Amino acid sequence: MYSKYSSDKIRIFDTTLRDGEQTPGVSITPKQKVEIAVRLDELGIDAIEAGFPMVSQGEMEAIRLISKQGLKAEICGLARAIKTDIDAVMKCDLNYIHTFIATSDIHMRYKLRMNPEQVLEKAVWAVDYAKKHGLQVEFSAEDATRSDRQFMNRVFQAVTEAGADRLDIPDTVGYATPQYIGELVNDVKTATNLPISMHCHDDFGLAVANTISGINAGASCAHVTINGLGERAGNTSLEEFVMALQCLYNRNHNIKTELLYDISKFISNTMGIVVQPNKAIIGENAFGHESGIHTHGVISNSLTYEPISPELVGRKRWFQAGKHAGAHGIRNMLLDFGIEPTDEQLHEIVEKQKNLADKGKSITTAELLSIAGEVMHNNKFEEKFKLYDFHIVTGMNIIPTAVVRLNTDGKDFIASEIGVGPVDAALKAIQKIAGEITSIKIREYSLDSITGGSDALAEVSVKVADKDGNIVSARKAGEDVVVASVQAMIDAINKIMLKKIIYSKNKS
Ligand code: KIV
Ligand code: ZN
């Protein structure tokens with residue numbers, strides 16, 4: 001029945017659309033759910049948990065739409081061990097159900113208000129009912145890791161006899177240790193021969209380690225979410241799990257790892273949950289290097305400070321100017337723009353940017369190039385676009401409007417635009433000017449709050465592309481999101497312009 005998976009391939013069951021959507025504050029439309037399912041399928045996910053049909057009409061509609069997409073992945077719906085839930089899964093035209101009931105004392109007593117025998121009976125009834133309706137059944141003993149081991153195994157044995165196809169061990173509150181997970185999987189293997197899945201939560205930051213431990217003990221499937229989204233601290237992060245599996249344990253899977261970064265960004269934008277910069281694999285800083293010692297090492301051999309090559313997960317390495325930066329890193333950053341200072345000039349550039357950084361300033365690439373221009377007495381490295389001023393009119397019942405004045409090559413340009421909000425209006429106005437001159441387009445825009453409160457410090461990231469395929473990004477932090485957005489946009493445009501100008505001048 002499961003011949004599609006060679007025995008040594010770990011099956012990836014993605015629950016971004018179910019447990020991931022249970023992330024506090026996240027709610028997405030049926031159309032967005034379908035888009036996500038299509039992207040997950042392209043990524044190579046083996047099974048997609050499309051949702052929990054009982055929660056709403058919209059959820060049902062989304063799952064039904066997903067089931068009609070003709071995706072390669074198996075599509076599954078979640079159901080409690082009750083008739084209405086199981087019927088709802090069938091109404092979504094699914095033939096794969098994930099049904100669950102809690103087996104821990106605390107859940108049985110305070111949530112289900114059932115005794116263990118009643119729980120056992122319900123579990124068997126649910127599996128039997130779903131099987132009689134022709135469904136593939138994955139059964140979860142919710143809160144397995146806090147359950148009495150003997151009782152949990154009795155339940156797993158009984159549902160196996162009732163015809164379950166797969167068993168799942170959920171660490172519902174992320175309470176297990178890797179060692180305990182290994183013991184549980186061994187227990188379950190002695191109780192039944194069915195394929196075992198691991199479903200771990202990250203309350204103690206152990207979700208990936210626990211899932212790996214389950215796999216090493218003999219589980220063949222991992223429940224994961226993109227960006228580790230999920231209830232509370234989230235679930236096992238797909239990107240971390242898959243890369244650890246591949247690089248550290250030499251195990252196989254069907255995931256196209258080079259798509260990991262793109263899908264992570266897509267989910268973050270669609271669900272509105274920002275990824276922390278220092279998150280493994282997908283965080284902005286995961287392949288960034290600042291310190292002189294590290295950049296020197298990476299430039300001579302990337303293996304010195306990069307355990308994973310960035311291209312493997314669809315990313316690029318980058319260097320940051322700043323007080324820790326050394327000559328090798330700065331030379332490399334300048335070389336990226338075709339700028340080759342002498343050793344003496346390089347030393348002066350490094351010192352100048354360190355002095356700035358010591359004053360607490362984070363150095364943008366455009367600023368670094370401008371320092372290089374000053375030291376090398378070459379004004380072609382100067383910022384091409386200079387912001388003179390801008391003003392915004394916004395409020396209730398008026399259309400936000402921005403007027404921006406820029407200067408480039410000694411000429412003034414003024415543009416005004418309307419937008420859905422002040423940032424949108426301002427960026428459109430800048431893009432109008434830049435578009436006339438350089439055909440630059442905004443690819444991505446994101447806004448994160450760094451501190452809390454109404455005077456919070458916000459960080460804006462902008463990615464822009466030109467028609468030659470150059471892509472650059474820029475970040476700016478500030479208390480005023482509109483000002484930070486405008487500055488980040490100007491910085492990105494300057495970077496892309498400098499790339500163009502310097503390269504074309506060097507060629508000619
Ligand atoms: O964490 C959990 O226990 C779950 C169940 C529905 C399997 O998500
Ligand atoms: Zn869960």
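The table for this structure:
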{"item": "Where labels lie 7 Å past Cα in the beta-carbon direction, separation of W125 and I293 in nm", "result": "6.4"}
{"item": "Sequence ranges 289-296, 302-309, ranked by mean other-Cβ count within 10 angstrom, highest first", "result": "289-296, 302-309"}
{"item": "Peptides 237-248, 216-227 ordered by average Cβ neighbours within 10 Å, highest first", "result": "216-227, 237-248"}
{"item": "Most to least packed among 96-105, 376-385 [average Cβ atoms within 10 Å]", "result": "96-105, 376-385"}
{"item": "Fraction of alpha-carbon pairs over 26 Å apart in segment 1-123 - percent", "result": "28"}
{"item": "Computed over segment 92-159: relative contact order in percent, which uses C-alpha pairs under 8 Å that are six or more apart", "result": "46"}
{"item": "Label point distance in nm, N278-K31, each placed 7 Å from Cα along Cα→Cβ", "result": "4.0"}
{"item": "Normalised contact order of the chain, rounded percent, pairs of Cα under 8 Å and 6 or more residues apart", "result": "9"}
{"item": "Cα gyration tensor shape for segment 279-433, rounded if a/c is under 1.5, else prolate or oblate", "result": "oblate"}
{"item": "Global form of segment 11-271, assessed from the alpha-carbon gyration tensor, a/c cut-off 1.5", "result": "oblate"}
{"item": "Point-charge dipole on Cβ atoms (K/R +1, D/E -1) for segment 2-128, about Cα centre, debye to 20", "result": "160"}
{"item": "Segment 288-376 pair-distance distribution - Cα-Cα, 10 Å bins, rounded %", "result": "18, 50, 26, 6"}
{"item": "For segment 12-50 and segment 143-180, distance of Cα centres in Å", "result": "24"}
{"item": "Förster radius 25 Å - calculated FRET efficiency between T190 and I106, Cβ distance, rounded to 0.05", "result": "0.50"}
{"item": "Residue order, fewest to most surrounding Cβ atoms within 10 angstrom, among M198, M108", "result": "M108, M198"}
{"item": "Rounded Å value of the spacing that divides the Cα centres of segment 266-290 and segment 350-402", "result": "24"}
{"item": "Contour excess over end-to-end distance, with Cα ends at S302 and C247 and 0.36 nm allotted per residue", "result": "18.2 nm"}
{"item": "Cα lying deepest toward the dipole's positive end in segment 264-397, options G338, H294, I392, charges on Cβ", "result": "I392"}
{"item": "Point-to-point label distance, N95-K72, nm (Cα→Cβ direction, 7 Å offset)", "result": "1.9"}
{"item": "Expected-Rg normalisation [2.2 N^0.38 Å, Cα atoms] applied to the chain", "result": "1.15"}
{"item": "Extension gain (nm, one decimal) between F204 and E161, 0.36 nm per residue minus Cα-Cα", "result": "12.0 nm"}
{"item": "Charge dipole (segment 11-271, unit charges on Cβ, about Cα centre) - positive-most of I97, G174, A141", "result": "I97"}
{"item": "Histogram of C-alpha separations across segment 347-414, 5 Å bin width, %", "result": "4, 14, 16, 15, 14, 13, 10, 7, 4, 2, 1, 0"}
{"item": "At R0 = 25 Å, FRET efficiency that the Cβ-Cβ distance of N115 and V55 yields, to 0.05", "result": "0.35"}
{"item": "Largest-first principal axis extents of the Cα set of segment 385-507 (Å)", "result": "50, 29, 22"}
{"item": "Given charges at beta-carbon only (K, R positive; D, E negative), |dipole| of segment 11-271 in Debye", "result": "360"}
{"item": "Net length gained if the chain between N407 and D262 were fully extended (0.36 nm per residue, minus Cα distance)", "result": "48.7 nm"}
{"item": "From the C-alpha gyration tensor of segment 148-256, square roots of 5λ in Å", "result": "23, 16, 12"}
{"item": "Amide H within-cut-off set for G419, under 5 Å, with H built and near neighbours excluded", "result": "A425"}
{"item": "About the Cα centre, charge dipole magnitude for segment 288-376 (Lys/Arg +1, Asp/Glu -1 at Cβ), debye", "result": "340"}
{"item": "Counting DSSP beta bridges with both ends in the chain, the antiparallel % (nearest 5)", "result": "50"}
{"item": "Amide H contacts under 5 Å for R11, placed H, 5+ residues apart", "result": "C221, A222"}
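Bear in mind that the values in this text are calculations on the coordinates, not laboratory data. Everything numeric here is computed off the predicted structure, so don't read it as measured data. Neighbour counts run over all protein chains shown; Cβ positions are idealised from the backbone, glycine included.
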